[in-house]
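Working notes, beginning with the structure itself.
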Amino acid sequence: QPRESRPPAEPPLDRGPRPEPPLEWPRERHRRLRRRRRLLAFALLLAPALWMLGNDVIRRAPRLLALDRLHALGYLASAIVSLVFWALLLYVASRRRGWVRAAVGVLFVVLFTLAAGVERAFYALYNIYLSIDGVIHSKSIAWSLVGTMPMGRPLVVFHLATSLALAIALVWAGRRLVRPGPWLRALLPLLVPPLLFSLTRVPASYRRWQSTSPDIIYFHGITSLVKEHLGYTDESPDLRVQRRDPEPVPDLHARPARPRNVVLLLQESLRADVCCEEYDPSCDQATPFSNKAAPGRMPLLQMRSNASTTAISISNIWSGVRPHESRELLHSVPLLWDYAHAAGWDTAYWTSQNLMFGNARLYVQDIPVSHRCVATELDPEADLDTGAPDALVVDRVISEWGEMKEPFFAVVHFSAVHFPYIYDENHAPFQPSEMDKSADKNEAFMNYYRNVVYLSDMAVGRLVDHIRSTESGKRTVLVYTADHGESFREHWQLGHTSALYDEEIRVPTWVDAPPGTLSEEEEASVRAAKEELVWHMDLGPTLLDLIGVWDDPALSPFRRRMVGHPVTRLERTMEPVPLTNCTWVWECGFRNWGLMQGPMKVEAREWDGEYHCFDVRDDPEELNNLGERACGALPDLARATFHAMPNVTPPGRPTVDWGK
């Protein structure tokens, strides 16, 4: 219809006010609110364990998904234990009033802060959770509670502070949401002591897989430490490395003879006679790759370690002080990084060593470096003894090499040659090769070892090639050595640590310096030392001289404690040099020590009542014991130095107390 003919619209009907919704009965509303509060309380009680597990899943999801059935079930069981433990503590801490509420509340806050905060911080530092391996030999329970971590680092403070804040918030929320029933209020506090005790009995997967909830790994480790201190284990808490408290080093002025960088390549368990120490174009030994990569190197064919134990050997190289010094000195003396840093050099430490072994991490935890890595960062499943594959640490060094600011000092510390060895049958040219310690398979076992060295040397050669291909590498002096050797039934020993014969302490060593990085005098001195007797005690001074601080007057107080001399200078070490596998850095399980002066060596082991005497020049295999008189004053000097023969054990101590 046309607009004009449409009827007018009717006004809307007035329906009046809308009716109000029916009022909820107060009882039903109260029930609904109570159900909501119960759900929130239940979620709150689960929150501590879920926080632990959730953080773990975020960090390690691929590894957790790869667990086999047995380890997955173990992880599930530990998660259930964690849920029950934290829920019970928080439930009791949520009581309305009373001293039990206060005591358990404090207990919850302390345990949660430690378990969550320490494990998060430790994982951030080492890519692995703190376990029994990281605390078992600690002298201090209090420091072990926080993993003996550097408490001044912002990362550590952050994780501990956030865990503390969360623990307090959980208790605060619990006291507002949780309403313990009458019988639970009476019963559950009685369960707290047995629950705490049972927690100390829970087993944990703490090494390769760590297929256990992080908090359970933490409690397992601390419990083991307490048992050790209370004498429930066979080992003394004094047996392994403790945290250093280094003396401050004043500002040093580096004046090297030539502009250069300095890098120490430190191999593991490498005896000299399986290597091409001097360049050989047809090298048929186990080190053809480093041989090819450094054809102009200058060998030191008579280098000997002062120990056949890694921890003692590296302390000799890095500190330069005698291994039989006091505990206070050995744990306070600066290391090479401290001196280089004080001279304004950039510094780095890269290693494939698993520093959880014997608390070794504590020895280098506080060194001033701009770049560092350890085995667990390269491979979280790194074996405690062999560490990570050496190829991985080389990959890391190559990736970070360009970030180093010249001049710099760095240490690349390898590990894969340590027993039980990292072996690859695709790179095993020495045959027959068997991992068999039986006497009739000794040659095959040594071939197995040679193949392990061969595999590691592939990584070393690749690293040297890369360094020399870079601009900074053309100004970098490389010093190569090994911490100690390895015995294969010579003198009735296998492996290392138990003796000081040459198969365990004579190590391959060389210096590779591009043209222009050494002065004429320095190069002449190093070449002159080729056949001279030198020791690891000389390497620390040598590296300090290469850095250019050896003559700095500010170094004088530290130099006075060093027995060695730089091989870059013509003065040689002539005084008696201590050899020992027992020190206050790493007290020994098998006592053996001695002295060496020139080619004359005296040594004794646990069953020896007098020293053996050898002339290593005339008798390199040390088959002819010349008797104490042939070594002149050395036997008496050794007795005065170590205060006892190795076959004497002071009452109450597993090792000798060297006049401490």
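Going residue by residue through region 176-186, is there one that turns out to be in contact (Cβ under 8 Å) with a residue 40 or more places away in the chain, open to solvent by 50 Å² or more (accessible area, probe 1.4 Å) and closer than 14 Å to E119 by Cβ? So far as region 176-186 goes, no, none of its residues is in contact (Cβ under 8 Å) with a residue 40 or more places away in the chain, open to solvent by 50 Å² or more (accessible area, probe 1.4 Å) and closer than 14 Å to E119 by Cβ. One residue alone among V412, V393, V397 is over 15 Å from the mean Cα position of the chain (by Cα) and closer than 19 Å to R462 by Cα, and that residue is V397. Selection over region 480-501 of residues that are part of a loop (DSSP other than H, G, I, E, B) and touching a residue at least 60 places away in the same chain (Cβ under 8 Å) gives a count of 10.
Restricting to region 409-439, give me the number of residues that are touching a residue at least 40 places away in the same chain (Cβ under 8 Å) and either more than 30 Å from P256 (Cα to Cα) or out of contact with any Phe, Trp or Tyr (no Cβ under 6 Å at 6 or more places or on another chain) (or both). Residues meeting the conditions: 11.
With the structure loaded, tell me whether D619 is at pLDDT below 95 and over 23 Å from W337 (Cα atoms) or whether it fails that test. Against the criterion (at pLDDT below 95 and over 23 Å from W337 (Cα atoms)), D619 does not qualify.
Has region 69-85 got any residue that is of a type in the set (D, E, K, R), under 27 Å from L187 (Cα atoms) and in a helix (DSSP H, G or I)?
no
Residues in region 382-398 that are farther than 10 Å from N354 by Cβ, touching a residue at least 24 places away in the same chain (Cβ under 8 Å), open to solvent by 10 Å² or more (accessible area, probe 1.4 Å) and of a type in the set (D, E, K, R): R396 alone. When W318, W401 are checked against the criterion of being part of a helix (DSSP H, G or I), open to solvent by less than 20 Å² (accessible area, probe 1.4 Å), out of contact with any Leu (no Cβ under 8 Å at 6 or more places or on another chain) and at pLDDT 95 or above, a single residue qualifies: W401. In region 240-297, which residues are charged (D, E, K, R), closer than 29 Å to N581 by Cβ and not in a loop (DSSP other than H, G, I, E, B)? Answer for region 240-297, where residues must be charged (D, E, K, R), closer than 29 Å to N581 by Cβ and not in a loop (DSSP other than H, G, I, E, B): just D273.
Out of L329, L335, one residue alone is within 28 Å of D133 (Cβ to Cβ) and either open to solvent by less than 20 Å² (accessible area, probe 1.4 Å) or small (G, A, S) (or both). It is L335.
Checked against (1) aliphatic (A, V, I, L, M); (2) out of contact with any strand residue (DSSP E or B) (no Cβ under 9 Å at 6 or more places or on another chain); (3) open to solvent by 10 Å² or more (accessible area, probe 1.4 Å), L555 passes all but condition (3). Listed by position, the helices (runs of 4 or more DSSP H) enclosed by region 108-152 that each have at least 3 residues that are under 15 Å from P380 (Cα atoms) are 119-126.
Evaluate the following for D552: is it at pLDDT 95 or above and under 19 Å from P407 (Cβ atoms)?
yes
Got at least one residue in region 472-494 being open to solvent by less than 10 Å² (accessible area, probe 1.4 Å), farther than 19 Å from Y421 by Cβ and in contact with a Gly (Cβ under 8 Å, 6 or more places away or on another chain)? For region 472-494, residues open to solvent by less than 10 Å² (accessible area, probe 1.4 Å), farther than 19 Å from Y421 by Cβ and in contact with a Gly (Cβ under 8 Å, 6 or more places away or on another chain): absent.
For region 120-166, enumerate the residues that are β-branched (V, I, T), farther than 18 Å from D366 by Cβ and under 17 Å from the mean Cα position of the chain (by Cα).
I128, I132, I136
Scanning region 338-362 for residues that are open to solvent by 10 Å² or more (accessible area, probe 1.4 Å) and within 20 Å of V249 (Cα to Cα) gives D338, H341, A342, A343, G344, W345, D346.
The values are calculated or read from the model by the stated rules, or taken from the named source; none is laboratory data. Just so it is clear, the structure is predicted and the values come from calculations on it, not from any experiment. Heads up, the Cβs are rebuilt from the backbone with ideal geometry, glycines too, and the neighbour counts pull from every protein chain shown. Heavy atoms of the whole protein, side chains included, go into the accessibility calculation; ligands, DNA and RNA do not. Shrake-Rupley method; radii C 1.70, N 1.55, O 1.52, S 1.80 Å.
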